[in-house]
Amino acid sequence: MVADVKMTSTGRRAIPENPALRLSIAGIRLPVWNKIWLILALLIAVVMPFLVEDFSVFQMTQALIFAMAILGLNLLTGFNGQFSLGHSAFFGIGAYTTAIMMGHYDIAFYWTVIPAGVVCLVAGFLFGLPALRLEGLYLALATFALATAMPQILKYNHFEEFTGGVQGIDLDKPKSPVAFMTDDQFLYFVVLLIAVFLFICAWNLVRGRTGRAMIAIRDNPIAAQTMGVNNAVYKSLTFGVSALYTGVAGSMSAIIIQFVAPDSFTFLLAVTFLVGLVVGGVASIPGAIFGGIFVLLIPNFSEWVADLTGRTDAKGLSWAVYGAFLILAVYVMPAGAAGFVRKLTAKLARGN
Amino acid sequence: MDLFLQQTFSGLANGAIYACVALAVVMIYQAIDHFNFAQGEMAMFSTFIAWQLMQWGIPFWLVFPICIVISFAGGVAIERIIFGPIHDAPVLSHVIVFIALFSIFNSLAGFIWEFTIKPFPSPFPEAKLLDTNLIGNHELGMIVVVLFMLSLIYLFFRFTPIGLAMRAAAANPESARLVGISVKWMLSLGWGLAAAIGAVAGMLIAPVVFLEPNMMLGILLYGFAGAVVGGLTSPGGAVAGGLLVGVAENLAGTYLIGSELKLTFALIMIVGVLLLRPAGLFGRVVVNRV
């Protein structure tokens, strides 16, 4: 609208205010609401571990780890439009980097997270280079092959000296240095700190020049190239950064579970990330948190479903429930939980 | 030299398995331009149905066609019910639904029939037909069945009106619709055929690898490798690719990398072929107009 364009003191055209920012619910503007939700979520994240028992704290830590991994996948798939069915491999590389450093070289756990991330960044970048020539489905196929081959590579007997072969590596749990926190609570806050840092980085990344380039490549690679975006560099770097996020998550998971083994990093783990991505919301940063919580809760839910059928040995059924949710998400909530919340807010909001 | 021959022949036998799966992969790819990541699990599920029928006392020669018919119907039903409504959805949605089917079939099979390993009878006679140790009856039978299926598929696409209609629907849906072909039903038919081929593959493979819910994951990867090597647009290429992958895998396992990294070999093959010759050895080069 022309009427909205104002001139600033330097005589340049000011960017017109986004009309969505003027929407409000109960007299409070939406951007303010977003801040309220964010503070509330952080408050819950900080207070909750002191209110629940240790096992629940452990589960919350796991949800955060899943959220980080899903965020990594989201940067690649949601914002850059490249598929990966192989992120379990990067999760595994991160976990093994940490486990080898802690288990064989007695390095304290906090020194292993950054190397794990860097190793994954390099691995992801290198895998992303040939992946440049693979479009859509072919990339899905290549990453599917990566995920399937990964446990075998980890078991390979020439690496056994480092990886521990089929047995994997056992780790000691880091002790809490402060008196008022249990070990689980301490680890939770370490993971929370890293997660918050990574989420802020991702938030800034997708909102800047780099993020716009990534999204442009997703929406129309040829047009992006024409506008001067270096597709090759951006795509392989995105692959690397995405692997870094997932690798840091893997590293943290090795620390809290205190054990790594090749069969924890199968194709089904990659499916878990994909489920979290789709149910949480493709190309949505808060969606990754929904996704992380969802994939953590589903096994409990499927146990409940299995109880209905009257069988006790329902360990396999959770994948069927995952599958059902995936199909449901594609049909009913194509934008995932985050998209659902967005829609709901838009319905409630009134312009003033 | 003996070792070489031995490995080559056992590679051919494995290759026959991969060729079966590759054939099913190519059938779907031809019909809908997508990889069906659930192909292996669908075949596994069909094989479990066959096993269940046999447990109920039905003889193999009767189970075989029944299972093929059930799988065909199942394939058609999946296309109609699940993929019909999202036909125009983005690729990501399709991949997600394939993955969903993958986990549903895998998990349901485990839930219904449990994860214990079950023996599956071979349809071929025990007595040796050929006086050689290089290749067993079952392996020989598999190769024959695969080649027989390939020729049936060739005849079907080349000489029947429905085959022609399916080719038309895949090549140019708009024009096909204009001349009165129901493109929707042709897609369903493609799914049904792929599921049926998958069922045959599953029933042939099960005596070798034993029946269990996770039996197909590695084989599916090799099937993909075979399809990619042979070219995704050519059923004959898929069979040749499958056999080639089988032999290459066995020889590489013997002489180069050992048996432990066989899946990694499939990974390298897939990525290598996609990079160097994306159309495969026998495929047509598809040029997209921008």
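The values are calculated or read from the model by the stated rules, or taken from the named source; none is laboratory data. The structure displayed is predicted, hence computed values, not measured ones. With ideal geometry, Cβ positions are generated from the backbone for all residues, glycine too; neighbour counts draw on all protein chains shown. Accessible surface areas use protein heavy atoms only, side chains included; no ligands, DNA or RNA. Shrake-Rupley method; radii C 1.70, N 1.55, O 1.52, S 1.80 Å.
What residue, of B:S71, B:S122, B:S103, is polar (S, T, N, Q) and open to solvent by 40 Å² or more (accessible area, probe 1.4 Å)?
Details: B:S71 fails: open to solvent by 40 Å² or more (accessible area, probe 1.4 Å); B:S103 fails: open to solvent by 40 Å² or more (accessible area, probe 1.4 Å).
So the residue among B:S71, B:S122, B:S103 that is polar (S, T, N, Q) and open to solvent by 40 Å² or more (accessible area, probe 1.4 Å) is B:S122.
If you check A:A179, A:A213, A:A195, which single one turns out to be in a helix (DSSP H, G or I) and either more than 21 Å from the chain's Cα centre (by Cα) or within 22 Å of A:G92 (Cα to Cα) (or both)? Let's see the steps before the verdict.
On the way: A:A179 fails: in a helix (DSSP H, G or I); A:A213 fails: either more than 21 Å from the chain's Cα centre (by Cα) or within 22 Å of A:G92 (Cα to Cα) (or both).
A:A195 is the lone residue from the list that is in a helix (DSSP H, G or I) and either more than 21 Å from the chain's Cα centre (by Cα) or within 22 Å of A:G92 (Cα to Cα) (or both).
Looking at A:G86, is it open to solvent by less than 10 Å² (accessible area, probe 1.4 Å), modelled with pLDDT of 90 or more and under 26 Å from B:V271 (Cβ atoms)? Show your work before the answer.
Working: open to solvent by less than 10 Å² (accessible area, probe 1.4 Å): yes; modelled with pLDDT of 90 or more: no; under 26 Å from B:V271 (Cβ atoms): yes.
So A:G86 fails the test.
Go through (1) farther than 14 Å from B:L187 by Cα; (2) surrounded by 18 or more Cβ atoms within 10 Å (Cβ to Cβ) for B:L5 and report which single condition fails.
(2)
Identify all residues within the range B:8-26 that are open to solvent by 10 Å² or more (accessible area, probe 1.4 Å), more than 23 Å from A:A147 (Cα to Cα) and either within 11 Å of the chain's Cα centre (by Cα) or of a type outside the set (G, A, S) (or both); write none if there are none.
Matches in the range B:8-26: B:T8, B:F9, B:L12.
Assuming A:I114 fulfils every condition listed in (1) closer than 30 Å to A:G81 by Cβ; (2) touching a helix residue (DSSP H, G or I) at 6+ places or on another chain (Cβ under 6 Å) apart from one, which condition is it?
(2)
Applying the selection to the range A:141-165, what residues are within 16 Å of A:L269 (Cβ to Cβ), within 7 Å of another protein chain (Cβ to nearest Cβ) and hydrophobic (A, V, I, L, M, F, W, C)?
Hits for the range A:141-165 are A:F144, A:A145, A:L146, A:A149, A:I153.
Being facing another protein chain (nearest Cβ under 10 Å) and modelled with pLDDT of 80 or more is true for just one of B:F98, B:F120, B:F115. Which residue is that?
On the way: B:F120 fails: facing another protein chain (nearest Cβ under 10 Å); B:F115 fails: modelled with pLDDT of 80 or more.
Selected residue: B:F98, the only one of B:F98, B:F120, B:F115 that is facing another protein chain (nearest Cβ under 10 Å) and modelled with pLDDT of 80 or more.
Just give me the residues in the range A:231-256 being surrounded by fewer than 15 Cβ atoms within 10 Å (Cβ to Cβ) and in contact (Cβ under 8 Å) with a residue 12 or more places away in the chain, in sequence order.
Going residue by residue through the range A:231-256, those that are surrounded by fewer than 15 Cβ atoms within 10 Å (Cβ to Cβ) are A:232-233.
Of everything in the range A:231-256, just one residue is surrounded by fewer than 15 Cβ atoms within 10 Å (Cβ to Cβ) and in contact (Cβ under 8 Å) with a residue 12 or more places away in the chain, namely A:A232.
Let me spell it out: the conditions are (1) in a helix (DSSP H, G or I); (2) out of contact with any Leu (no Cβ under 7 Å at 6 or more places or on another chain); (3) open to solvent by 40 Å² or more (accessible area, probe 1.4 Å), and A:A116 meets all of them except one. Which number is the exception?
Going through (1) in a helix (DSSP H, G or I); (2) out of contact with any Leu (no Cβ under 7 Å at 6 or more places or on another chain); (3) open to solvent by 40 Å² or more (accessible area, probe 1.4 Å) one by one, A:A116 breaks only (3).
Across the range B:210-219, which residue is modelled with the lowest pLDDT among those that are hydrophobic (A, V, I, L, M, F, W, C) and either closer than 15 Å to B:A19 by Cβ or not in a helix (DSSP H, G or I) (or both)? If you could, list the steps in order and put the result at the bottom.
Filtering the range B:210-219 for residues hydrophobic (A, V, I, L, M, F, W, C) gives B:210-211, B:215-217, B:219.
The next check asks that each one be either closer than 15 Å to B:A19 by Cβ or not in a helix (DSSP H, G or I) (or both); those that pass are B:210-211, B:215-216, B:219.
On the way: B:F210: 81, B:L211: 85, B:M215: 84, B:M216: 84, B:I219: 86.
Within the range B:210-219, the match that is modelled with the lowest pLDDT is B:F210.
When the range B:154-165 is examined, which residues are found to be modelled with pLDDT of 85 or more, part of a helix (DSSP H, G or I) and not aromatic (F, W, Y)?
Within the range B:154-165, B:L155, B:P161, B:I162, B:G163, B:L164, B:A165 qualify.
Of all residues in the range A:124-140, which are open to solvent by less than 30 Å² (accessible area, probe 1.4 Å) and more than 7 Å from chain B (Cβ to nearest Cβ)?
Hits for the range A:124-140 are A:G124, A:G128, A:A131, A:L139.
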